[in-house]
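Here the structure is laid out as structure tokens; the discussion comes afterwards.
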Amino acid sequence: ALISLRQLLDHAAEHGYGVPAFNVNNMEQIHSIMQAAQATRSPVILQASAGARKYAGEAYLRHLVLAAIETHPDIPVVLHQDHGASPAVCVQAIRSGFSSVMMDGSLREDAKTPASYDDNVQVTADVCRIAHAVGVSVEGELGCLGSLETGAAGEEDGVGAAGKLSHDQMLTDPTEARDFVARTGVDALAIAIGTSHGAYKFTRQPTGDILAIDRIAAIHAAVPDTHLVMHGSSSVPQEWLALIRQYGGDIGETYGVPVEEIVRGIRSGVRKVNIDTDIRLAMTGAMRQTFAQQPAEFDPRKALQAATQAARGICEARFRAFGCEGQA
Ligand code: G3H
Ligand code: 13P
Ligand code: NA
Ligand code: ZN
């Protein structure tokens with residue numbers, strides 16, 4: 001059944017677990033997540049970016065998710081708009097049947113330059129009024145996702161248009177979080193603690209100076225009724241990087257967010273954990289391996305089945321690690 005993010009994360013908070021929110025763009029990704037959820041009896045957050053709706057086509061994406069819900073009637077599913085860049089994107093998602101939207105007002109509509117705090121409050125409060133009127137949940141974002149190693153905010157390649165920000169500018173401030181929640185009414189709040197999107201998060205295994213898991217408890221204490229969200233939470237498993245390289249991929253040395261650090265975050269109050277890159281890496285590794293090992297094969301289903309199995313493995317591992325097993 002389709003449920004709202006608020007319903008699911010209230011349950012997660014009551015029972016002390018976190019829920020992975022996996023990005024979806026196509027049937028194979030949805031298959032892998034739903035199979036993993038069914039095998040572990042876990043609740044599901046499927047999230048789609050504006051780019052995903054454009055890639056699949058709005059109606060295709062909607063019907064794929066409806067098919068998942070029909071196929072797995074006993075698994076609760078949240079359909080969430082990831083990183084809505086404007087109220088218009090959020091309203092489109094609501095009309096398309098999403099049960100949750102993210103209004104990312106931390107950046108201007110170009111999705112690159114940091115927005116002013118007051119603009120973020122206003123645009124997020126506007127979306128809350130609209131969404132809550134029809135039972136849809138809202139996630140806001142406060143602080144700039146980005147690397148504490150380089151001081152670069154925004155973009156995946158680590159050279160955000162925003163240029164360099166100071167260490168403190170990049171992290172979510174607990175006092176500001178309390179004001180933001182009071183003025184907007186968000187159900188969930190994405191926080192900045194040093195993570196960034198994509199495969200290139202850290203040039204070494206992260207330590208406390210570049211991954212601020214220790215800040216989460218203070219933010220949670222400031223906004224105890226708002227569910228905290230960690231973006232950029234792929235772990236970038238070294239074994240998948242090695243497999244991609246083994247079969248001809250060109251991918252540099254890089255490190256993600258260790259699963260045990262995410263688990264520490266969940267113990268401090270994180271309830272939603274955004275993961276896209278790990279599924280991309282697993283699927284790419286499996287497809288490269290299939291094509292390399294079976295050069296005569298030209299049925300794409302062979303590679304896509306391997307990709308689905310690989311992504312399913314990642315999803316099952318995250319459901320188990322985050323405490324979702326048996327919660328559906
Ligand atoms: O936040 C970024 C997500 O990984 C979605 O990425 O815009 O390429 O679909 P995308
Ligand atoms: P990753 O790139 O670490 O998977 O993060 C995804 C994300 O935060 C989507 O909003
Ligand atoms: Na999101
Ligand atoms: Zn994100």
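Dividing the mean sequence gap of close Cα pairs (under 8 Å, 6+ apart) by how many residues the chain holds gives a relative contact order of 21 percent.
For the listed peptides 83-91, 97-105, a ranking on the average number of other beta carbons within 10 Å per residue, highest first, reads 97-105, 83-91. Proximity of backbone amide H atoms, modeled 1.01 Å from N, is registered between GLN47 and PHE22, ASN23, VAL24, HIS80 at under 5 Å, excluding neighbours fewer than 5 places apart on the same chain. Out of THR172, LEU211, VAL236, whose Cα points farthest toward the positive end of the dipole of the range 5-321 (charges: +1 Lys, Arg; -1 Asp, Glu; placed on Cβ)? Comparing the listed Cα positions along the dipole, VAL236 ranks first. Approximating the spin labels as points 7 Å out from Cα along Cα→Cβ, the ARG204-to-GLU14 distance works out to 4.5 nm.
Cross-link partners of LYS112 among aspartates and glutamates, defined as those whose alpha carbon lies under 13 angstrom from its own and excluding same-chain residues fewer than eight positions apart: ASP104, GLU155, GLU156, ASP157. The calculated pair-distance distribution of the range 172-328 uses every alpha carbon pair, bins of 5 angstrom beginning at 0, and gives 2, 9, 16, 17, 16, 13, 10, 7, 5, 3, 1, 0, 0 percent.
Which parts of the range 261-288 would a label at ALA242 reach, counting a residue when its backbone N lies under 19 Å from a point 7 Å out along Cα-to-Cβ? 278-279, 281-288, by backbone N distance to the label point. Around the Cα centre of the range 1-93, unit charges on the Cβ atoms of Lys, Arg, Asp and Glu (plus for the first two, minus for the last two) sum to a dipole of about 180 debye. Here r is the Cβ-Cβ distance between SER116 and ASP225 and R0 is 30 Å; the resulting FRET efficiency, rounded to 0.05, is 0.70. The alpha carbons of the chain give a radius of gyration and a Dmax of 18.7, 61 Å, in that order. Each Lys and Arg adds +1 at its Cβ and each Asp and Glu adds -1 at its Cβ; summed about the Cα centre, the chain shows a dipole of about 600 debye.
The C-alpha radius of gyration of the range 236-321, expressed as a fraction of 2.2 N^0.38 Å, stands at 1.23.
For the chain, the 222 nm mean residue ellipticity estimated from helices alone, with every DSSP H stretch of n ≥ 4 adding -39500 (n - 2.57) and the total spread over all residues, rounds to -14000 deg cm²/dmol.
For the range 1-85, the relative contact order works out to 42 percent when only alpha carbon pairs closer than 8 Å and six or more residues apart are counted.
Values quoted throughout were computed directly from the atomic coordinates according to the rules given, and no laboratory measurement underlies them. Only a predicted model underlies this, so the values are computations on that prediction, with no experimental measurement involved. Neighbour counts run over all protein chains shown; Cβ positions are idealised from the backbone, glycine included.
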